[in-house]
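Worksheet: one structure, shown below.
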Amino acid sequence: MLSILNLFRIGIGPSSSHTVGPMRIARRFVASLAEARKLADVRRIGIELQGSLALTGVGHGSVDACVLGLLGWEPEAIDPDAVPALLAQAGEASILLMGQHPVAFSPARDIVLACDIIPELHPNGMRLKAFGQGEVLLADETWYSTGGGFIASARQLAAPNAGDLVPSPVHAAFPYASGAELLALCDIHGLDIAAAVLANEGAWRPETETLAGIDRLLDAMMACIERGLAHDGVLPGGLQVRRRAPELWRKLLASPTNETEVLLDRLNLFAMAVNEENAAGGRVVTAPTNGAAGIIPAVLRQYCHEGPQAREQARRFLLTAGGIGLLYKQRASISGAEMGCQGEVGVACSMAAAGLAAVWGGTPQQVAAAAEIGMEHNLGLTCDPVGGLVQIPCIERNAIGAVKAVNAARLALHSHAMPKVSLDQVIETMRQTGIDMSSKYKETSLGGLAVNVAAC
């Protein structure tokens, strides 16, 4: 089992796989040099970004993320507002590895975008080399950013038996590897999904620490929405995409319309607020990825934000959503470079639908049905960001995903019959569809909207 506190990560935008992952990899590489007492011997660092990391790396912030990682920063600890100054301090000629050891370094020279290399193990490849005096090779490692901020070494992907990508050697109270197993456990032990997931988290930490961790995630999600509602302006990157959430919020407060339209407007603008913050490099929570980070917070903000039971409901929502998300992570993938956007927005929609169905009192079977509906109607969704930026169609796609998640939960709760399509079947269908999907439509910006819309 994986912990949901690994699935949900606090980081910075614009991409969990292209920003958070590379930053973690670069930091881990230099940290391992320090642990091996080789850091003082390093004279030069070289990084090669491969596959999707190279093809959309500039727009996704991968180059800057590598620099920040080499400086020793972690995604959850860095202040997004401090990033420009940190990058300026790094300079164009040298860098302080782990903030302490100076080496010659130029991003333009030492970070190579190898667009022609498509790694076999995973589309998001990253090779790092450290050289000593006389260009002696001190270290040469290949890593992969596998989606949602998760990373794995070449050894782990080739023969997975360690790391944060595979089952940990812990003894969960209610281990499950499929939706069917999860539902059976709930039935046998008289539990809802949130209770089973919370019990499993006890394998890593006391319940009070798990709840505190969930509360930090919830607070970060709500803070991201508030920042997104307050900041006007144009998003970076050259597309001249204007932030729309603040204006929509002001209009809604000034002249509310009928109840149905207000609901749609609120879900739309909450989701867009998060993804506009993400596109600007702000602090977001991978839910389960940065590209899909707006869906779960939007639904939470609408349905679990007010009233005496709001925090308890939000915890139930996130525990349930996390339990469903783990199935996608372990049985398929949450990487847009592997699955297309069905693995990001589709999974987030499925998770949000499950969480909301649980808050609305759905049975475990109805919760699983909501998750299935949320994914079934996102199957085949492509990832073709215009200009390699997480803006078009990503921002609006989160808004649509949030609305779709609510509808999926409603449909599931209105039905008491056994679903014709199981959650496991739709997850496997998503996996097969992702494998069959052309690489043009999997976070490479080589097809779809990315080539039919002028990126200027």
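What follows is calculated from the coordinates using simple rules that are stated; it is not laboratory data. The shown structure was predicted, so the numbers you read here are calculated from the model rather than taken from an experiment. Positions of Cβ are generated from backbone atoms using ideal geometry, with glycine treated the same way; all protein chains shown enter the neighbour counts.
For this structure, a couple of remarks:
- Put in line by how crowded their Cβ is, counting other Cβ atoms within 10 Å and starting with the fewest, R28, R283 read R28, R283.
- Residue order for M222, M418, M339, M437, fewest other beta carbons within 10 angstrom first, comes to M418, M222, M437, M339.
- Charge dipole (debye, nearest 20) of the stretch 356-436; +1 at Cβ of Lys and Arg, -1 at Cβ of Asp and Glu: 240
- Taking 7 Å steps out from each Cα toward its Cβ at A34 and Q432 produces label points 4.8 nm apart.
- Dipole magnitude (debye, nearest 20) for the chain, charges at Cβ of Lys, Arg, Asp, Glu: 280
- Under 26 Å from the Cα of K442 - lysines, other chains or at least 8 residues apart: K329, K404
- Bridge type composition, the chain - antiparallel percent by DSSP, nearest 5: 80
- Note on the stretch 255-326 and the stretch 397-454: Cα centroid distance 18 Å, given to the nearest whole angstrom.
- The stretch 12-158: relative contact order in percent, alpha carbon pairs under 8 Å with at least 6 residues between: 35
- Positive end of the dipole of the chain (Cβ unit charges, origin at the Cα centre): among I118, Q432, N6, the Cα lying farthest that way belongs to I118.
- Listed values for the stretch 419-436 are Karplus-derived 3J(HN,Hα) couplings in whole Hz (6.51 cos²θ - 1.76 cosθ + 1.60, θ = phi - 60°), namely x, 6, 10, 8, 4, 4, 5, 6, 5, 5, 5, 4, 4, 5, 5, x, 5, 6, and x replaces Gly and Pro.
- Exposure proxy ranking, count of Cβ atoms within 10 Å, fewest first, for V359, V103, V30: V103, V359, V30
- In order along the stretch 60-68, the phi-based Karplus estimate (6.51 cos²θ - 1.76 cosθ + 1.60, θ = phi - 60°) of 3J(HN,Hα) comes to 8, x, 5, 5, 4, 4, 4, 4, 5 Hz; Gly and Pro are listed as x.
- Spin-label proximity, L263 to the stretch 291-330 - amide N less than 17 Å from point 7 Å beyond Cα toward beta carbon: 298-306
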